[in-house]
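Working notes for the structure below.
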Amino acid sequence: HIGQWRPLSDIGYRWVQEEAKTRINLNANYLQLIDFYRYYLLDMSFGYDLTGDPGRSYSIDLVGIDVLFPTLDPAYDDLYSDNDFFIRSFEDQLFTGFLFRNFNLNYYSNPNKFGEHNFLRFNVELSGLEVELANELWGLAFQPEEWDIGGLDFAKFARVSLDGGYIREYNNQTTLATRIGVGIVRPYGGTQVTPYVKQFFVGGPSSIRAFRIREIGPGGFVDEQAPTDPPFYQASDFRFEFNAEYRFPLFLALKGAIFLDGGNVWSVDGDDPRPFSQLNWGAYKQLALGTGLGLRLDMSFFVIRLDMGYPLRRPMERSGIWYRHFKGDNVRPNLNLSVGYPF
């Protein structure tokens with residue numbers, strides 16, 4: 001607090017003072033997607049974890065520094081060497097927050113007498129805000145310039161995501177679960193493109209299960225030059241998706257599911273190398289849809305999940321015409337093997 005002013009009430013201040021747990025993280029990560037890209041990520045953060053009412057928790061990182069070193073597979077580097085958006089997405093980056101880095105809220109309500117409950121997940125992430133403010137002040141007093149450290153650019157972006165859901169438990173074995181989610185990320189300051197690892201994507205075992213990870217979008221864009229072999233690479237600024245799943249018992253610990261998934265990602269400002277990708281009022285025509293069946297081996301303390309998704313609508317535009325593929329050699333079921341429920 002400053003003097004007699006506090007951003008929280010006395011009760012709220014005591015709650016934070018008594019219940020908050022200090023957290024310090026130092027991690028080194030290496031990820032390789034074969035035939036696509038790999039990266040090294042070093043990150044350090046300092047923040048607090050808080051637990052409120054039952055089912056509600058918060059976490060905040062006041063200080064966070066991440067150093068990212070991505071490397072594209074030569075096949076992609078050669079194919080998209082003239083695509084500034086794509087190449088800049090994979091530059092070495094420095095993510096920073098010295099007063100605020102990110103905030104997470106997780107909420108899960110208790111079931112009512114009808115077995116209904118809700119969940120909510122909210123995340124805000126900022127990078128480079130303090131650097132941008134200092135840079136602006138420097139520019140007022142001296143000559144404006146873009147700062148870096150050892151050739152590493154400061155990544156400046158704001159990222160917000162929100163996921164909410166409704167669950168109805170008819171009994172201990174039969175459940176209807178739904179989810180809807182949105183997210184947006186925007187670069188600012190001298191940063192023109194959000195780093196690839198912070199862009200949104202859809203597809204895969206916890207998203208639109210009829211399609212592979214990053215296979216869909218943005219919008220109605222289809223890359224005719226992409227390598228015929230996955231992995232896919234599509235990601236962008238804005239995400240919207242929804243899921244519904246009906247879960248029912250089969251025998252012993254084996255359960256079944258019927259599901260429907262939909263959504264896509266879009267570019268907010270437009271993306272010349274990827275036509276039909278921009279978010280606009282006709283974006284609802286570019287929603288991908290998939291349905292399917294699933295099996296779950298539910299052992300209470302862990303769940304092994306196998307889902308087979310089948311595409312119903314594939315976003316694909318040619319001269320502004322919408323195409324829907326329900327059959328054909330290029331539309332096949334997609335298998336997903338994962339651990340845990342999708343939502």
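The values are calculated or read from the model by the stated rules, or taken from the named source; none is laboratory data. Because the structure is a prediction, the values reported are computed rather than measured. Every residue, glycine among them, receives a Cβ derived from its backbone with ideal geometry; neighbour counts consider all protein chains shown. Protein only, heavy atoms only, side chains kept; ligands, DNA and RNA dropped before computing areas. Shrake-Rupley method; radii C 1.70, N 1.55, O 1.52, S 1.80 Å.
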Requested in this report: Sort out which residues of region 149-173 are modelled with pLDDT of 95 or more and either among the β-branched types (Val, Ile, Thr) or at positive phi (or both), and write them in order of number.
Outcome: Val160, Ile167
Requested in this report: Check region 89-107 and report whether any residue there is under 30 Å from Arg274 (Cβ atoms), outside any helix (DSSP H, G or I), open to solvent by 50 Å² or more (accessible area, probe 1.4 Å) and of a type outside the set (Asp, Glu).
Outcome: no
Query raised in the report: Do you know which residues across region 113-128 are open to solvent by less than 70 Å² (accessible area, probe 1.4 Å) and either within 16 Å of Pro187 (Cβ to Cβ) or not small (Gly, Ala, Ser) (or both)?
Result: Glu116, His117, Phe119, Leu120, Phe122, Asn123, Val124, Glu125, Leu126, Ser127, Gly128
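For region 20-42, state whether one or more residues are basic (Lys, Arg), assigned to a strand (DSSP E or B), touching a Ser or Thr at 6+ places or on another chain (Cβ under 8 Å) and closer than 22 Å to Glu130 by Cβ. Steps first, please.
If we filter region 20-42 for residues that are basic (Lys, Arg), which is where we start, we get 21, 23, 38.
Filter again for assigned to a strand (DSSP E or B), leaving 21, 23, 38.
Still in the list and also touching a Ser or Thr at 6+ places or on another chain (Cβ under 8 Å): 23, 38.
So of that shortlist, the ones also closer than 22 Å to Glu130 by Cβ come out as 23.
Looking for residues that are basic (Lys, Arg), assigned to a strand (DSSP E or B), touching a Ser or Thr at 6+ places or on another chain (Cβ under 8 Å) and closer than 22 Å to Glu130 by Cβ, one finds at least one in region 20-42, hence yes.
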